[in-house]
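Remarks on the structure that follows.
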Amino acid sequence: MKDLLRTEHLAREDVELIFETASKFAENPLYAQSALSGRTVAIYMTKPSTRTRLASESAISHLGGSPIFLRHDDLQIGRGETISDTAKIISQFCSALIIRTFAQAEVDQLGAQASIPVINALTDDDHPTQALADWLTIREKFGSDFSGRKFVYLGDGNNVTHAWLIMGAIMGAHVVAATPAGKYAPQQRVIEIASNIASHNGGKVEVLHDPNAAAQGASVIYTDVWMSMGDPEDERREKEKVLSPFAVTDEIMAGAAKDAIFIHCLPAHRGEEVAANVIDGAQSLVWREAYHRRTTIQAILYHLT
Ligand code: CP
Ligand code: NVA
């Protein structure tokens with residue numbers, strides 16, 4: 001594998017290898033401190049980021065390399081230079097490109113045209129590095145035998161939901177997305193990909209519309225913001241209305257398994273998609289999950305560069 005462009009491109013063996021290496025980086029961030037020695041990695045973002053940027057920059061530094069952070073306006077791409085020409089130039093100077101942007105097609109195109117590894121750090125459709133951190137956190141808690149367990153996402157059917165369903169399928173888990181029906185449900189294309197992967201490795205993919213029924217007996221309750229970066233502001237009211245039954249409250253957690261954990265990719269909006277009691281409570285593993293953004297990105301860079 002040259003790039004990490006889409007969650008669905010990962011095989012179970014790739015994920016296991018990333019987890020094994022990430023666990024080493026969790027124990028000792030400097031485990032491979034010369035891997036990128038004397039080299040640079042570009043991080044190009046057209047959307048804001050706290051975790052992914054910090055995790056990526058520190059991962060690169062811990063591997064002995066130097067990050068070069070670029071916003072849209074910093075590059076000539078903002079003035080019409082083609083993606084293809086930009087890919088050629090970044091490939092000449094950097095050992096990898098980490099990109100966060102709107103269109104998945106832009107990431108796919110950069111992957112095809114750059115000679116260096118291209119890593120998707122979030123698009124409107126996917127968030128593969130997040131899914132790796134999520135499932136490493138889940139595996140640390142429950143081990144690798146997922147049989148008899150249900151892993152449930154509640155809320156807006158967005159990029160994080162897509163990565164969640166596909167990575168869950170790759171892990172052979174029973175993975176659920178409970179979202180409103182209609183335009184806030186996950187993309188049909190993604191449901192088909194995830195179901196197809198699950199059918200080959202003993203997993204199960206469900207998209208449901210009743211949050212309480214979905215949460216019943218779950219080992220993991222996951223949620224994300226209702227308004228993603230780039231979502232039209234004029235949909236905010238409508239989204240708040242249709243998504244409010246999917247908020248993760250004490251009642252939702254009470255219906256989950258006794259040993260259930262709560263995770264959230266962050267940033268969180270307390271009082272909207274999650275109650276403060278839940279995210280700041282004893283079942284929440286959000287800080288460990290955020291910590292694994294660095295260990296997993298470090299592992300990806302270690303194996304791809
Ligand atoms: N979870 C996540 O991707 O966070 P940032 O948007 O802060 O990078
Ligand atoms: N769905 C959110 C995830 C943020 C990490 C967004 O795209 O804004």
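The values are calculated or read from the model by the stated rules, or taken from the named source; none is laboratory data. All figures in this text were calculated on a predicted structure; none of them were measured in a lab. Don't worry about glycine lacking a Cβ; one is built from the backbone with ideal geometry, like all the others, and counts go over all protein chains shown. The area values use the complete protein model at the heavy-atom level, side chains included, leaving out ligands, DNA and RNA. Shrake-Rupley method; radii C 1.70, N 1.55, O 1.52, S 1.80 Å.
Return yes or no: is G230 in contact (Cβ under 8 Å) with a residue 12 or more places away in the chain, away from ligand 1 (no atom under 16 Å from the Cβ) and of a type outside the set (D, E)?
Numbers: in contact (Cβ under 8 Å) with a residue 12 or more places away in the chain: yes; away from ligand 1 (no atom under 16 Å from the Cβ): no; of a type outside the set (D, E): yes.
So G230 fails the test.
Yes/no matrix, rows are residues, columns are (1) part of a helix (DSSP H, G or I); (2) in contact with a helix residue (DSSP H, G or I) (Cβ under 6 Å, 6 or more places away or on another chain); (3) closer than 24 Å to R139 by Cα:
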position: E13; (1), (2), (3): yes, no, yes
position: L17; (1), (2), (3): yes, no, yes
position: A42; (1), (2), (3): no, yes, no
position: T52; (1), (2), (3): yes, no, yes
position: I68; (1), (2), (3): no, no, no
position: I77; (1), (2), (3): yes, yes, no
position: A87; (1), (2), (3): yes, yes, no
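Report yes if A290 is among the small types (G, A, S), surrounded by 21 or more Cβ atoms within 10 Å (Cβ to Cβ), under 20 Å from L136 (Cβ atoms) and modelled with pLDDT of 95 or more, otherwise no. Break it down into steps so the answer makes sense when it comes.
Details: among the small types (G, A, S): yes; surrounded by 21 or more Cβ atoms within 10 Å (Cβ to Cβ): no; under 20 Å from L136 (Cβ atoms): yes; modelled with pLDDT of 95 or more: yes.
Considered against the rule, which asks whether it is among the small types (G, A, S), surrounded by 21 or more Cβ atoms within 10 Å (Cβ to Cβ), under 20 Å from L136 (Cβ atoms) and modelled with pLDDT of 95 or more, A290 comes out as no.
Looking only at segment 101-110, decide whether some residue is closer than 20 Å to S37 by Cβ, away from ligand 2 (no atom under 16 Å from the Cβ) and out of contact with any helix residue (DSSP H, G or I) (no Cβ under 8 Å at 6 or more places or on another chain). So that I can check it myself, show each step before the final result.
The first filter runs over segment 101-110 and keeps only residues closer than 20 Å to S37 by Cβ, leaving none.
No, because not a single residue in segment 101-110 is closer than 20 Å to S37 by Cβ, away from ligand 2 (no atom under 16 Å from the Cβ) and out of contact with any helix residue (DSSP H, G or I) (no Cβ under 8 Å at 6 or more places or on another chain).
Quick check on G38: is it assigned to a helix (DSSP H, G or I), more than 16 Å from ligand 2 (Cβ to nearest atom) and open to solvent by 30 Å² or more (accessible area, probe 1.4 Å)? Walk me through how you get there before you give the answer.
Details: assigned to a helix (DSSP H, G or I): no; more than 16 Å from ligand 2 (Cβ to nearest atom): yes; open to solvent by 30 Å² or more (accessible area, probe 1.4 Å): yes.
No: the conditions fail for G38.
Consider D126 against the criteria (1) among the charged types (D, E, K, R); (2) under 30 Å from L208 (Cβ atoms); (3) more than 19 Å from the chain's Cα centre (by Cα): it satisfies all of them except one. Which criterion is unmet?
(3)
Of all residues being of a type in the set (A, V, I, L, M, F, W, C) and free of Cβ contacts under 8 Å to residues at least 40 places away in the same chain in segment 47-90, which is surrounded by the most Cβ atoms within 10 Å (Cβ to Cβ)? Just the residue, please. It would help to see each step written out before you state the result.
First pass over segment 47-90, keeping only residues of a type in the set (A, V, I, L, M, F, W, C): 54-55, 59-60, 63, 68-70, 75, 77, 83, 87, 89-90.
Subset that is free of Cβ contacts under 8 Å to residues at least 40 places away in the same chain: 68-70, 75, 77, 83, 87, 89.
Details: I68: 17, F69: 15, L70: 19, L75: 16, I77: 19, I83: 16, A87: 21, I89: 15.
Selected residue: A87.
Which is more than 16 Å from ligand 1 (Cβ to nearest atom), under 18 Å from E273 (Cα atoms) and modelled with pLDDT of 95 or more, of A173, A215, A194? Step through it out loud before you land on a result.
Numbers: A173 fails: under 18 Å from E273 (Cα atoms); A194 fails: under 18 Å from E273 (Cα atoms).
None of the others qualify; the one that does is A215.
Restricting to segment 256-283, name every residue that is away from ligand 2 (no atom under 16 Å from the Cβ), under 17 Å from F246 (Cα atoms) and not aliphatic (A, V, I, L, M).
F262, G271, N277
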